[in-house]
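In what follows, a single structure is set out as C-alpha cells and then discussed.
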Amino acid sequence: MVFLDVLFAFIIAVVLSGIFVLIIRRYGPWPRSFMFFIIIFLAAWAGGVWMNPVGPTIKGSTWMPFLFVGLIFALLLAATSQRQEESSIILKTKEEVKKEERVKTALSIYFWLLILALVAAIVLGYLFMYNVM
C-alpha cells in the first residue's frame, strides 16, 4: 500500500511537473524546477494519505486523491511564479539586489518549512492509518 502511494505520487508529480515546467513554463517562486517537483510529489503523497479514498482503485489503492491534491498545489505554485524575461538585461541597484536576497532567503525558509510540514503530514497519516498512535 505504501509502495503504491509513493508510486502514484511520483507519477502524478512527474506528469504535472512536466506540464507546468515544459509546456506552461511556470514552476513557482523557486529558481529550480526540481523544487517544484519535490513540493508536488510530497503534497500529492500527503494528500493521498489523508483524503478519503475516492475514485477507481488499482490493487486496492485509489489514485484520485493524489491527483487532486497534486493539481491544486501545482496550480497554486504556478500562480505565484513570474514569467522570466530571457533576453532582457536589467541593471540593478544595490538596494534592489539586497531586496532580492531577502526574498530568496524568505523563500528558502518557506520551502524547507513546507517540506518539513509535508513530511510530518505523511508520517502522521501512516501512523494514524495503522493505528500506531
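Could you compute the FRET efficiency for ALA117 and THR57, with r as their C-beta to C-beta distance and R0 at 30 Å, rounded to 0.05? Before the final figure, lay out each step's value.
Details: r = 28 Å, r/R0 = 0.94.
After rounding, the FRET efficiency stands at 0.60.
Identify which of the listed values of Kirkwood radius over Cα pairs in Å was calculated from the structure shown: [x] 15.6; [y] 16.2; [z] 14.9.
[y]
Quick note: the coordinates plus some simple rules give every number you see, no bench work behind them. Worth saying up front: this structure is predicted, and the values here are computed from it rather than measured. FYI the Cβ positions are ideal-geometry reconstructions off the backbone, even for glycines, and counts take in every protein chain you see.
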